[in-house]
Amino acid sequence: MEAPLKVYKGLEGIYVLESALSLLDTENGKLYYVGYDVEELVAKSSYEEVSYLLLKGKLPTKAELEAFVEKLKGEMQLDEKELETVRLVSKRSSGMDALAAYFVLTGRGLVDDGSPMDQAIRAIGKAGSVLGNVIRIDGGEDAMYPDPSLGVAGNLIYLVTSRKPEPYQIEFLDDILILHAEHGVPASTFGAVVAASTLSDVYSSIVTGIMTLKGPLHGGASEAAYQQFVEIGDPNRVEAWLEKALSERRRVMGFGHRVYKIYDPRAKIVKAMAARAAAIAGGRVKALYEVASRLEEVALTKLAPKGLFPNLDFWTPMVYTAVGIPPNYFTAVFAVSRIVGWVAHVLEYWKDNRLIRPLHLYVGPPAGQKYVPIEERH
Ligand code: ACO
């Protein structure tokens, strides 16, 4: 007898592609980009260098990095026409929608200019400058010219706050960008690769990635975690809040991961950053951190036995807040960073492209239903 057809819901445990970009060591709680421990990259590298690593598959020499950074700086510039497009998309939408809309509106022109690698570097450069301006406009300011000399992280903070950032702020955001740059094939990367497999273009893949990242089960978790800390409000209220939340079968946002059933290695790093951010910035960041720390402690007693631990989105709200990113833009910053992961996957997939076209198991009415004219239906 033939085995019954099986549907792999959520594609859980299914390998959908080969990739040399990241290794998720889910047994030892480690993450590697092209073989390099992400913890070491956070300590020693920059988002720009990590972008090179992911796009080219090796760490750059000094000269290679300088040339790459120069090219990226050129792409970070926005001319008056581009600023006008940012104003337009910001008028009609905000957040991730505005970022995606920018690439929808400009993609065609960008595609006609250069190789897919050039387009990838252009998108990485543009994204932070566009998002920084979208946040400015949402906050009631006018768009302004980027300052590429500050690097991707520093420029983003500069555009959002209108101030040259403190070195510690640049370091924090740069580290966050590195940690979000790549992570195998979560929903957004899979979406980007599916779009690419149709031989659509780099920007279409990025737009697909942005829109897929948006949901609260994926990139949207950091904002949801922030709102949860605000809702709890005080470390003394954590126990009561958690008991009620779990009894209502609510999820602790920032806890759990489809792949990690132990502590997310990125979360460990961001947790230490959040502690530093609370100590340096104090005030609101410290208040959020105190609630988060207590929630982690109490939630772990209930959730760790089920393999549920904090993921990086549990701790990022404190770091984002310390560098001046408003909560409704946390996920969009994640998108800016992950663009490199999406495009690196797209370029890798195109080396041996195969249209992604899975099957569905039909469970509807039997074939051959009689078509009844509309007047005779009831
Ligand atoms: N809080 C409480 N319980 C949870 C949580 C949580 N955060 N996450 C999962 N569970 C429970 C489920 O209720 C379920 O319990 P049950 O078996 O008693 O019904 C069990 O754990 C398994 O849950 P699934 O949804 O099947 O696990 P899945 O692998 O699909 O979940 C996910 C992964 C979506 C991340 C989930 O843990 C979640 O919703 N977490 C909160 C949102 C979040 O933090 N997302 C960020 C992910 S990281 C990233 O995208 C960067």
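The values are calculated or read from the model by the stated rules, or taken from the named source; none is laboratory data. Quantities reported herein were computed from a predicted structural model and do not represent experimental measurements. Positions of Cβ are generated from backbone atoms using ideal geometry, with glycine treated the same way; all protein chains shown enter the neighbour counts. To get the accessible areas, we keep the full protein, side chains included, count just its heavy atoms, and leave off ligands, DNA and RNA. Shrake-Rupley method; radii C 1.70, N 1.55, O 1.52, S 1.80 Å.
Structure summary
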item	result
Dipole in debye (nearest 20) - the chain, about Cα centre, beta carbon charges: Lys, Arg +1; Asp, Glu -1	900
Local net charge near Gln77, Cβ-Cβ under 10 Å (Lys/Arg +1, Asp/Glu -1)	-2
Largest to smallest accessible area among Tyr260, Tyr36 [probe 1.4 Å]	Tyr36, Tyr260
Carbon + sulfur, % of accessible area of the chain - ligands and nucleic acids excluded, 1.4 Å	55
Size of segment 221-323 as Cα extents on the principal axes (Å, biggest first)	34, 28, 20
Solvent exposure, largest accessible area first (probe 1.4 Å, DNA, RNA and ligands not counted), of Thr189, Thr106	Thr106, Thr189
Local net charge near Glu223, Cβ-Cβ under 11 Å (Lys/Arg +1, Asp/Glu -1)	0
Cα-based convex hull volume of segment 55-204 per residue, rounded to whole Å³	126
Charge dipole of the chain about the Cα centre (unit charges at C-beta), most positive-ward option of Ala292, Pro146, Leu88	Ala292
Value at 222 nm in deg cm²/dmol, rounded to 500, when DSSP H runs of n ≥ 4 in the chain each add -39,500 (n - 2.57)	-19500 deg cm²/dmol
Exposed-loop-free span, longest in the chain, where GluC sites (Glu not before Pro) count as exposed if DSSP calls them loop and at most 16 other C-beta atoms lie within 10 Å	249-378
Net charge of neighbours whose Cβ lies under 13 Å from the Cβ of Leu177, counting Lys and Arg as +1 and Asp and Glu as -1	-4
Cα-centred dipole magnitude for segment 23-62, charges only on beta-carbon of K, R (+1) and D, E (-1), debye, nearest 20	260
Alpha-carbon spread of the chain, three principal axes, descending order, Å	70, 57, 48
For segment 81-159 versus segment 209-264, the gap between their alpha-carbon centres in whole angstrom	29
At R0 = 56 Å, FRET efficiency that the Cβ-Cβ distance of Glu84 and Val16 yields, to 0.05	0.90
Partners for Lys306 among lysines (Cα-Cα distance below 24 Å; same-chain residues under 8 apart left out)	Lys9, Lys30, Lys244, Lys261, Lys268, Lys271
Alpha-carbon spread of segment 118-253, three principal axes, descending order, Å	52, 42, 27
